[in-house]
Each structure stands twice: as C-alpha cells, then as structure tokens.
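To start, the structure itself, in structure tokens.
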Amino acid sequence: MELFNAITVKELLENHEFKFSKSKGQNFLVDANIPEKIVRLSRIDKSCGVLEVGPGIGALTVHLCRAAGHVVAVELDKKLAEILGKAAGAADNIDIVQGDILKQDIRSLAAEKMPGLRLCACANLPYSITTPALTALVNAGAFESITIMVQREVARRLCASKGTADYGAISVFVQYHTEPKVLFDVPPQCFVPQPAVFSSVVMLNTRLEKLLSPEMEPLFFQIVRAAFGQRRKTLVNALFSAFGSTMSKQEISSAVQKCGFEPDVRGEALGVLDFISLSKEMI
C-alpha cells in the first residue's frame, strides 16, 4: 500500500469514508524519509518492543515493524484502525489495539503484549492530546525511551532551560523523569493535511535512577505546580497561596533562602535540582 503519496493517501481515506478531524489533530505523514529517520535515531532494533500511539494509516508503523521485535499500535479511530490493519497486513509482529490511549493501563498493556523485550514508545502524537498522552507515557514508568513528534513550540517547552520564556511546569515534569533532546524539525509540507505549524521530533531517555523517593514526589510536583501556576508572583507568594494553611510565609521564605535564592525569586529561576532541594526544605 502506497502510504507516502498525498494523492493516494487522500483517495485511500475517501474510499474508507474517512474525514479528517481537526479537533483530534489528525495529520498524516507523506514523506517516507521522516519515519525512517525517526526509527533510526530512536535506536529501535529487534530487542525492542514498541508502543505506538495514534498510528493513523501506518506511515511510521510499517517502519517500526521492520525494525522492532514487536509493535503495539493504539488507534482511537475505528476507520483508521481498519486501514492500519491493511497497511501492516504483511507484518506478523504487530498488535493493533482500537481504543483510547488515555484509558489504557499502559504499563500492563506493554508488559502483556511485549514480554521479554526492551520497551520503548514512539509516536506522531495527535496535537489534541499531546500533553495528556505524553504525561501518561512518562507516568507509566515502562519505557527506556519515548520518541515523539509534537508541535515545535511544545518541543521547546519540554527541553527548555530554567530562566527562559519556554520553561514551565511541563519542562520540570519531563526533565525530572527523563533527559529530553530535540532530534530534528519537520516542516508542514511533510503532512496531509498540512498543519499551520512546524513539528519537532523529541527523544526522552528515561532516567535510570529516581531523583527522589516515591514518598517525596507528590510534594515536589505540588511545589512545581504552585511555582508556575501564578508566574507573575514571586516564588514565596506563589507557594504561600498553595501551602499557607500549613506553613507561614516566613517559613516558606526561609526554605527558599536556604536553597540559595533571594526572597523575591520567581519559580522559573529554579531548575529540577533546585526544586528537589526546596522540597526537602519544605517537608
């Protein structure tokens, strides 16, 4: 099946009475070089089991099947799942799951379908579910690496350094759990229909060791959310809004200063390790 010709793809979708959903962020790759490059740079091989999210008609899926030991492709749209079954029909190392990735027990699904393999996730994430899908993949704690295509602006936020305009709570979340890196950008003309923005492929390598104990993580992320929830406020004032029922402003200010920061510092000045230090001071 020809998956990388825009005219053929449109005819294929029309034959299955498929209509693009802007709300679902459906954009299909029609440049064969892109999925090949994604698979190559993500270092997927036959020792890997790969979970793919939102495979669409299979442009990335067919390359994953050639490279990986096994692929589990989770597709929400029933018509696309049917097309995907035909596109990947020659492969004997794929399971197609028709359903919502946000309603799956991702860790159990991966373990059940791909036992004994090194687990990775790889996806051209639908724009409409980028943040919740990425959060679910990271929180599953099942994957050695997660390679995703997202809007370029999102990629910048995931990899942003402290003190920059793109830096925020999602940056801290991703960088706490993984080491993210932008691999390359993808222009709009590589898709049908063409999105209005550039995309970027990001690889997130999971940290081998946790930076905090599981018992400390809820406080850490509560502090992070508070710090960025009201960006115009100083860190002390933002934290007092969230923790004022259990800590005085002076106690919060003291904790911030013990971490080496001035009382008027803002949350975006703190990196992951700084938030870890602050969490330990605010126990």
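The values are calculated or read from the model by the stated rules, or taken from the named source; none is laboratory data. Nothing here was measured: the structure is a model prediction, and the numbers come from that model. Note that we place each Cβ from the backbone using ideal geometry, even for glycine, and neighbour counts take in every protein chain shown.
Considering only helices (runs of 4 or more DSSP H) fully contained in segment 213-260, which possess at least 2 residues that are in contact with a Lys or Arg (Cβ under 7 Å, 6 or more places away or on another chain)?
Working: elements: 217-229, 235-243, 249-258.
Fully inside segment 213-260 and qualifying: 235-243.
Against the condition of a type in the set (A, V, I, L, M), outside the structural domain of Q222 (by TED's automatic domain parsing), in a loop (DSSP other than H, G, I, E, B) and surrounded by fewer than 18 Cβ atoms within 10 Å (Cβ to Cβ), how does A165 come out, does it pass? If you could, list the steps in order and put the result at the bottom.
Details: of a type in the set (A, V, I, L, M): yes; outside the structural domain of Q222 (by TED's automatic domain parsing): yes; in a loop (DSSP other than H, G, I, E, B): yes; surrounded by fewer than 18 Cβ atoms within 10 Å (Cβ to Cβ): yes.
Yes, satisfied.
Take the residues in segment 1-46 that are of a type in the set (G, A, S) and under 22 Å from the mean Cα position of the chain (by Cα); name whichever of them is modelled with the highest pLDDT.
Of the residues in segment 1-46, the ones of a type in the set (G, A, S) are 6, 21, 23, 25, 32, 42.
With under 22 Å from the mean Cα position of the chain (by Cα) added as a condition, the list becomes 21, 23, 25, 42.
On the way: S21: 72, S23: 66, G25: 67, S42: 96.
By that ranking, first place goes to S42.
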Self-check item: Pair list, Cβ < 6 Å and 6+ apart or interchain, from segment 120-134 residues that are within 12 Å of V74 (Cα to Cα) and assigned by TED's automatic domain parsing to the domain that holds A155 to residues that are at pLDDT 95 or above and assigned to a helix (DSSP H, G or I)
Solution: A121/L137; L125/A133; A133/I101
Quiz item: Which one of the conditions (1) within 13 Å of M149 (Cα to Cα); (2) touching a helix residue (DSSP H, G or I) at 6+ places or on another chain (Cβ under 8 Å); (3) surrounded by fewer than 22 Cβ atoms within 10 Å (Cβ to Cβ); (4) modelled with pLDDT of 95 or more does L102 fail to meet, given that it meets all the rest?
Solution: (1)
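In segment 220-232, what count of residues is obtained for those that are of a type outside the set (S, T, N, Q), modelled with pLDDT of 95 or more and surrounded by fewer than 17 Cβ atoms within 10 Å (Cβ to Cβ)? Please lay out each step first, then the result.
Within segment 220-232, the first condition is being of a type outside the set (S, T, N, Q), and the residues that meet it are 220-221, 223-229, 231-232.
Next, only the ones that are modelled with pLDDT of 95 or more stay: 220-221, 223-228.
Right, trim to surrounded by fewer than 17 Cβ atoms within 10 Å (Cβ to Cβ) and you get 225.
Here the count works out to 1.
Look through segment 124-138, keep the residues that are among the small types (G, A, S) and at pLDDT 95 or above, and return whichever of them is surrounded by the most Cβ atoms within 10 Å (Cβ to Cβ). Lay out the reasoning, then the answer.
Our first condition is that a residue be among the small types (G, A, S); within segment 124-138, this holds for 128, 133, 136.
Those left that are additionally at pLDDT 95 or above: 133, 136.
On the way: A133: 23, A136: 17.
Of everything passing the filter in segment 124-138, A133 is surrounded by the most Cβ atoms within 10 Å (Cβ to Cβ).
Inspect all residues belonging to segment 139-149 and state whether any of them is within 30 Å of E14 (Cβ to Cβ), at pLDDT 95 or above and not in a helix (DSSP H, G or I). Before you say what the answer is, go through the steps one by one.
So in segment 139-149, the residues within 30 Å of E14 (Cβ to Cβ) come out as 148-149.
Restricting the remaining residues to those that are at pLDDT 95 or above gives 148-149.
Those still in the list that are not in a helix (DSSP H, G or I) too: 148-149.
Yes, the conditions are met somewhere in segment 139-149.
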Exercise. Return yes when S171 is among the hydroxyl-bearing types (S, T, Y), assigned to a helix (DSSP H, G or I), buried (at least 20 other Cβ atoms within 10 Å of the Cβ) and in the same structural domain as R156 (by TED's automatic domain parsing) and no when it is not.
Key: yes
Quiz prompt | Top-ranked residue in segment 244-262 [being in contact (Cβ under 8 Å) with a residue 12 or more places away in the chain and touching a Pro at 6+ places or on another chain (Cβ under 7 Å); ranked as surrounded by the fewest Cβ atoms within 10 Å (Cβ to Cβ)] | solution = S253
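V202 - would you say it is among the hydrophobic types (A, V, I, L, M, F, W, C), in contact with a Pro (Cβ under 8 Å, 6 or more places away or on another chain), surrounded by 14 or more Cβ atoms within 10 Å (Cβ to Cβ) and farther than 24 Å from V174 by Cβ? Step through it out loud before you land on a result.
Values: among the hydrophobic types (A, V, I, L, M, F, W, C): yes; in contact with a Pro (Cβ under 8 Å, 6 or more places away or on another chain): yes; surrounded by 14 or more Cβ atoms within 10 Å (Cβ to Cβ): yes; farther than 24 Å from V174 by Cβ: no.
Judged against the criteria, V202 is not a match.
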